[in-house]
Amino acid sequence: MKEKALLLYSGGLDTSVMIKWLQEERGYDVVTLTLDVGQEKNDLSAISEKATLLGAVKSITHDSTGRFADTFISMGIMSNGLYSDKYPLSTSLARPLMAELAVKYAHENACGVIVHGSTGKGNDQVRFEVSIKALDDSIKVVAPVREMNMNREEEIEYANKKGIDIPYGGKYSVDENLWGRSVEGSSIEDISKPVPADAYRWVKPLDEAADSPKEVAISYENGIPSTLNGKKMTLKSLIIKLNELAGIQGIGAIDMIEDRVVGIKSHEFYECPAALTIIDGHKYLESAVLSRRELKVKKFIDEQFSEMVYGGLWHDPLMANICEFEQSMNEHVSGTVHLKLYKGNIIHSGLESSNSLYDPATSTYGKGQTFDQKMSPGFIYVYGASTVASRKARIKHFHEIRLEE
Ligand code: ARG
């Protein structure tokens, strides 16, 4: 009996070529797994049919958008997950989920091998392989793109030879899910030029963005958006709606020179209208409901979360501790933020929360204030004592105070 390999199958050129290659060059029986994580073109049954046509012994499809939103994106929101303060980790967050499902279906279908379509130069190979191995170290991982070392032209030639029809892919390498769209390659590789207009799909370039502002109200419950403009929604449908609303306003385009885990700098373009809007609103709400120290510690942990997710370490045990911390901080993050979306800007336009720590009676410069200003001199005396004393002791370094003219 032939050994069975489970292939993470998108229906695209790379993974279609792989179905044949795995059968013919490696002698595997191929089981394909196609996952819906909210990508734009996701006719799962057509993809599954294609897999069978190419000789797969079984083709499995699975809609994982709900779990992607409720577990992975939710943690991304609670942790203000942005790699290098810019990229909302859309591709990064989907990979550990895909790895989990690959392991689950590999077990159910007696596959000792999992195959993915990532190259040997990117982050995704790291994310898939660390996750798969962390979940089941006995599974063998095969990455044909890495092994075959074929370029796109050679793949097309191979596809033609084997009678594989070539799906329309455009010139860019694109990865999509609910949380965003990642675009790489082709003319984006020239960093001396702006990202070309044809790379945009979800976001209107600024000159085409709507001419009037759009106001949105987002309510968060324990850190997770639950209503949009007063309408209760699942996180998944709220994200879909906001991708549309914010994209029209020119929000969500991210152009960055990125540091990959494997030490390569790359030029990346992302479109993440909902993600940027939701994280911005979340931080806005946090600024009112968390204390100064909580914000400071949380910022540090948020960054560790982002680095670990980006670097494929979702299944590291430390991640569970980070998630617990984030969840407990987010117990305070409930309330509504009002945002004005206009020409690529997210403008804060008011917030309400019963957990707000902002107290107008203490902060007002107007009537009825309750803060006892007479206590401040004593505080300043003690607080500044070390600065005053050390300056005095080292006065010889400063000579006299000279004011710049
Ligand atoms: N650089 C991004 C990341 O590592 C996106 C990679 C997505 N792949 C693609 N084919 N565009 O998360």
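A few points about this structure:
- Some residue of the range 314-336 being within 16 Å of the ligand (Cβ to nearest atom), crowded, with 17+ Cβ neighbours inside 10 Å and outside any loop (DSSP other than H, G, I, E, B): no
- Taken together, L97, L53, L93 contain a single residue that is farther than 15 Å from S10 by Cβ and within 15 Å of the ligand (Cβ to nearest atom), which is L93.
- Hits in the range 198-211 (condition: among the hydrophobic types (A, V, I, L, M, F, W, C) and away from the ligand (no atom under 15 Å from the Cβ)): V203, L206, A209, A210
- In the set (1) surrounded by 14 or more Cβ atoms within 10 Å (Cβ to Cβ); (2) farther than 24 Å from Q39 by Cβ, K204 fails one condition alone, (2).
- So G38, is it in a loop (DSSP other than H, G, I, E, B) and either on the phi < 0 side of the Ramachandran plot or hydroxyl-bearing (S, T, Y) (or both): no
- Residue within the range 247-261 that is at pLDDT 95 or above, over 23 Å from V309 (Cβ atoms), away from the ligand (no atom under 16 Å from the Cβ) and surrounded by fewer than 21 Cβ atoms within 10 Å (Cβ to Cβ) present: yes
- Given (1) more than 30 Å from D255 (Cβ to Cβ); (2) within 16 Å of the ligand (Cβ to nearest atom), index of the condition Q39 fails: (1)
- If the condition is being surrounded by fewer than 17 Cβ atoms within 10 Å (Cβ to Cβ) and within 16 Å of the ligand (Cβ to nearest atom), then the range 117-140 contributes T119, G120, K121.
- Selection within the range 262-282 - surrounded by fewer than 24 Cβ atoms within 10 Å (Cβ to Cβ), within 11 Å of the ligand (Cβ to nearest atom) and under 21 Å from N177 (Cα atoms): S266, H267, E268, F269
- The range 144-169, subset within 14 Å of the ligand (Cβ to nearest atom) and more than 23 Å from the chain's Cα centre (by Cα), residue surrounded by the fewest Cβ atoms within 10 Å (Cβ to Cβ): R152
- Test: residue in the range 352-373 that is surrounded by 10 or more Cβ atoms within 10 Å (Cβ to Cβ), touching a Gly at 6+ places or on another chain (Cβ under 9 Å) and closer than 30 Å to G250 by Cα: yes
- On the stretch given as the range 170-197, residues that are away from the ligand (no atom under 15 Å from the Cβ) and charged (D, E, K, R) total 2.
- Test: residue in the range 37-56 that is under 30 Å from R260 (Cα atoms) and hydroxyl-bearing (S, T, Y): no
- Restricting the range 170-196 to residues that are more than 21 Å from D14 (Cα to Cα) and of a type in the set (A, V, I, L, M), the residue that is surrounded by the most Cβ atoms within 10 Å (Cβ to Cβ): L178
- Screening Y87 on (1) over 30 Å from K283 (Cβ atoms); (2) near the ligand (Cβ under 9 Å from one of its atoms) shows it passes everything except condition (1).
- Among (1) surrounded by fewer than 17 Cβ atoms within 10 Å (Cβ to Cβ); (2) small (G, A, S); (3) within 16 Å of the ligand (Cβ to nearest atom), the one test that S287 misses: (3)
The values are calculated or read from the model by the stated rules, or taken from the named source; none is laboratory data. Source: prediction; values computed, not measured. All Cβ positions, glycine included, derive from the backbone under ideal geometry; neighbour counts span all protein chains shown.
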